[in-house]
1. Provide the per residue accessible area, probe 1.4 Å, for region 206-258, rounded to a whole number of square angstrom.
2. Do the alpha carbons of any pairs in LYS197/LYS233; LYS162/LYS205; LYS202/LYS238 sit beyond 19 Å of each other, and which pairs?
3. Please work out the ratio of the alpha-carbon Rg of the chain to 2.2 N^0.38 Å and round it to two decimals.
4. Convert 10 °C to kelvin, take the viscosity as 1.306 mPa s, use the Kirkwood radius over C-alpha pairs of region 173-244 as Rh, and evaluate the Stokes-Einstein diffusion coefficient in µm²/s, rounded to a whole number.
5. Please report, as a whole percent, how much of the solvent-accessible surface of region 102-179 comes from carbon and sulfur atoms (probe radius 1.4 Å).
6. At 222 nm, what value in deg cm²/dmol follows for the chain if DSSP H runs of at least 4 each add -39500 (n - 2.57) and the sum is divided by all its residues, to the nearest 500?
7. Give the accessible area for SER170 in Å² (nearest 10); use a 1.4 Å probe, count only protein heavy atoms, and leave out ligands, DNA and RNA.
8. Can you list the lysines whose alpha carbon sits under 16 Å from that of LYS66, skipping same-chain ones fewer than 8 residues off?
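The values are calculated or read from the model by the stated rules, or taken from the named source; none is laboratory data. None of the values given here were measured: they were computed from a predicted structure. All accessible areas refer to the heavy atoms of the entire protein, side chains included, with ligands and DNA or RNA removed. Shrake-Rupley method; radii C 1.70, N 1.55, O 1.52, S 1.80 Å.
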Amino acid sequence: MSVRFIRSLLFLIFLVPSLVFSQEYVVGEGDVLDINVYENEDLSSTVRVSADSTIRVALLGEISVKNLTVSQVATKIENLFADGYLVSPQVDVFISEHRSKKAIILGQINNPGQYELRGKITFLEFVSKAGGFTNEAGATATIKRIGPDGQDAGQITIDLEKLIKEGDASLNIIIQDNDSIYISEAQTYYVSGEVNKPNSYKYEKDLTVIKAITMAGGFSKIAAKNKVKIIRKVNGEKIIFENVNMDEPVLPNDVIVVPESFF
């Protein structure tokens, strides 16, 4: 049984929580690294990544860790020690503090703002970190992504109904450094006239007239059920659809009017 295997086993037993933070995590400004040099405790140290993505290591001085993962940092230090300093050096690097990665979340979220990304964190975990959705949250989340070079890396739209109601885990993506997340506001529709709870309501996909009226408490006793109409704006003009069917689709901002029966 090799010494390195024993060291790895002890790490799994005593430091397993640290495994949450993948060795593929790319280090950055403000991260604190624990550098352990096996059988050379005097060379082991704890360092913070500087603004120019460098760290200072005993014997080696200042080295760049720009765009390197944790495992790549360990390999780089091993190679530098092997170049005239140590024979077969073995180096482990762990993140003791995550400080460099941040993302911002705005819109219909209870605690909007900027938050640190401590290791890998999914979209839903990040939403939970920010206090969850408000009651007015809509059906989509938009993520504006910035690449490692600081350039615009495109936009991602998440269908919240598919993610949450249908359980499509593929939409629960990993949040990245400098992501800007916007939670949309829910679209609404209106039900007025002879229903038990006339009001505005949160729009949902595949909404029909009968579903909308049900949400509004159903017809009143004097409702003209066969004379329901929809008032809809199309290209800025108001259009009235008379005597609509109960399975007629409802669109956002529609006004459903249930008139009184006179017979």
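1. Result: 62 Å² of accessible area for each residue.
2. Details: LYS197/LYS233 23 Å; LYS162/LYS205 11 Å; LYS202/LYS238 21 Å.
LYS197/LYS233; LYS202/LYS238, as the Cα separations exceed 19 Å there.
3. Working: Rg = 28.8 Å, N = 263, 2.2 N^0.38 = 18.3 Å.
After normalising by residue count via 2.2 N^0.38 Å, the value is 1.57.
4. 108
5. On the way: 1970 of 4230 Å².
Carbon and sulfur together cover 47 percent of it.
6. On the way: 4 runs with 39 residues, N = 263.
Estimated from H runs of four or more residues: -4500 deg cm²/dmol.
7. The value for SER170 is about 90 Å².
8. List returned: LYS76, LYS101.
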